1. What pairs can you find where one residue is in segment A:297-312 and closer than 21 Å to A:Gly370 by Cβ, the other is of a type in the set (Lys, Arg) and crowded, with 21+ Cβ neighbours inside 10 Å, and their Cβ atoms are less than 7 Å apart, with a gap of 6+ or different chains?
2. Within the bounds of segment B:83-94, is there any residue that is buried (at least 16 other Cβ atoms within 10 Å of the Cβ), among the β-branched types (Val, Ile, Thr) and more than 28 Å from B:Leu128 (Cβ to Cβ)?
3. When segment B:55-82 is examined, which residues are found to be more than 17 Å from B:Lys112 (Cβ to Cβ) and in contact (Cβ under 8 Å) with a residue 40 or more places away in the chain?
4. I'd like to check something: does segment A:76-87 contain any residue that is touching a residue at least 12 places away in the same chain (Cβ under 8 Å), surrounded by fewer than 23 Cβ atoms within 10 Å (Cβ to Cβ), closer than 18 Å to A:Ala256 by Cα and hydrophobic (A, V, I, L, M, F, W, C)?
5. Considering only segment A:270-293, state which residues are surrounded by fewer than 24 Cβ atoms within 10 Å (Cβ to Cβ) and under 25 Å from A:Gly19 (Cβ atoms).
6. For segment A:402-411: of the residues being of a type outside the set (A, V, I, L, M, F, W, C) and out of contact with any strand residue (DSSP E or B) (no Cβ under 6 Å at 6 or more places or on another chain), which is farthest from the other protein chains (Cβ to nearest Cβ)?
7. If I ask for residues that are surrounded by fewer than 17 Cβ atoms within 10 Å (Cβ to Cβ) and within 14 Å of chain B (Cβ to nearest Cβ), which ones from segment A:390-401 would you list?
Amino acid sequence: MVTLAALGTYLPPWGSARGRVVGPDEDALTLGVAAARAALSAAGRTSPAGPPAAEAAAATGVRRVVFVTRELPLLVGSNAAALLAGIGLAADIAVVEQVGGAPAVLDALADASPGTLIVAADAPDSGEPAGAAAALVTAADTAGTAGGVGVELVGRVVRSLPVHSQAAGEAAVRDYSDTRLERERGLGVAVERLSLTEKPVVVAGVAPKQAATLCAGAPPALPTLGASSALFAIAALRDVGSSGVVLAAEQASATAVRLDGVPGAVRRDEPAPLAPEKATRTAGPDIAVSLSAYERAFDAKLRWEAGRCDACGTLALPPRRRCLSCGSEAGWTLAPLPRTGEVYSAVTVRVPVPGLPTPYSLAIVELDGGVDVRALVKVTGVKAGTTRIGDRGRMVLRRVAVRSGVPDYGYALFPDGSAVAAAEPTTTDTLEGVAR
Amino acid sequence: MRRVAVVGAGMTAFGEHFGLGIKDLLPMAVSEMAAHVDKGLDRADIQAAWFGELTTTDGFPSGILADTCGLLDIPVTRVENACATGNDAVRNATFAVASGAFDVVLVVGADKVRESSARATFWEWAGLTRDMAWDYPLGLVAPANFALHVARYLHESPATR
């Protein structure tokens, strides 16, 4: 039995009620980071829009991160450091990067040791829906885990029926195209072999119609089908107000867990969907990367931290060797920056730019808190050209570009208006903080 | 300081000039300048040259100017100062004459942009103008750069579009 302390979910702002798609500046890692931050703030471990202060980050108690997706951004080169930096966790935490779907996530959850943060992300380019969710596991007796709920493995069936497959090196998923085979010999046999004594409340990884045939009542609809759907399923228990069995399936395999209560701490970062923008893509060369510049900038850039002058405390983004305020070259220390701010100036680029989808908007953002820091960033999550001076928003991790094959992560401005509908009535308590 | 005068000027047409390299364009402009000096110019009177060029093409700029225009055995200096490059070349040459160091100097401004594929040129120039880690991939094209300033100026001042 493990204790699930908190859940966080994230849906990209693009798509429709039928499903979300990733924006041009998102991938499995940025999706996962958003969900993980939501989970940690649901657990009360970080302020939702603010940076985790160093003490708060230390207090998260996270000792291990398990990142489950079928769309790992880097297969060689590791996504671990970017994941930890984006979530705001210390760089000495073990990260497991795992290729897997919904059952793999329940497997990871059922076996998790206290202090494990499970991050599940779906960013498929096959047209299947995108989203991410994260779960924080604590020791059963951890103080401050009000809302914690016990999770126990019910059963697991591991079989092979690769109706959908993608071999290493293949660019796309192949579809064997036999839905009846998949239903009867895949999910059907897997469920039969699980010999559940209790019908599931919710089923992850399968189409809603199939889920309905397996459940006692009408199961809640889930926004994704891959790894993240398993945690969306657990979060959905809160919506239906029920404990019980959660089943996660993927083709011919399935894992079932039982929750002994309704998850209490759930934060959903789920902005209302916008129709994806029609982007013009102009072919271009590989955008060059300087890995020495990348390495020097990494911590400040991915953790959203400025250099604070050791002599006078003035902040500089990016950090400067010589303080502009007092002239000291004695050194600087990284300090978290506020993650909210106001647009100081904005511009929209509509001309074709080789290698970048256009149009896009850029903004200079004056950060909150009187820190006297302005940042030049891209605007995300809204249609290009809709951002005005004075608009408010929050800074979110995005994939700014792919440079010679290397994802280049940084922060973008997510204007507030777009996230208003995040506080849908069906979702939970705590969205105000995320949206502001 | 002595007063300084411009005594001749010449230029090539603006264009992509696929058929002409920087080594063609430089002597063309210098010859047109020489032809426009009242009472003529003895090129041997040129004592120094300043060359404003933002990006290098076909080699180090000072040497290319000296080599293609026959300006051997005199100081030739390349100046780069972003959009103010040409003006800054004029300023430095003016100081040299005003100070009395030289009596006759040459100023040339040239850039041969279209020497790589249209797709590649943008990112080559971005590499020249932006911080490699923080700004380079944002796609801050030059007009957008100035537009950010202008948008804020319009916001704060009574100016209108």
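1. Matching pairs, first to second residue: A:Trp304/A:Arg339.
2. No - not one qualifying residue is present in segment B:83-94.
3. B:Ala82
4. No - not one qualifying residue is present in segment A:76-87.
5. Listed by number, the residues that qualify are A:Ala272, A:Pro273, A:Leu274, A:Ala275, A:Pro276, A:Glu277, A:Lys278, A:Ala279, A:Thr280, A:Arg281.
6. A:Gly405
7. Once the filter is applied, which keeps residues that are surrounded by fewer than 17 Cβ atoms within 10 Å (Cβ to Cβ) and within 14 Å of chain B (Cβ to nearest Cβ), segment A:390-401 yields only A:Gly390.
Condition check ((1) of a type in the set (Lys, Arg); (2) more than 19 Å from B:Arg78 (Cα to Cα); (3) surrounded by 14 or more Cβ atoms within 10 Å (Cβ to Cβ)) across all residues:
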residue	(1), (2), (3)
B:Gly100	no, yes, no
B:Leu106	no, no, yes
B:Gly109	no, no, yes
B:Thr129	no, no, yes
B:Asn145	no, yes, yes
B:Tyr153	no, yes, no
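The values are calculated or read from the model by the stated rules, or taken from the named source; none is laboratory data. No experiment lies behind these values; they were computed from the predicted model shown. Cβ coordinates were reconstructed from backbone atoms using ideal geometry, including for glycine residues, and neighbour counts include every protein chain displayed.
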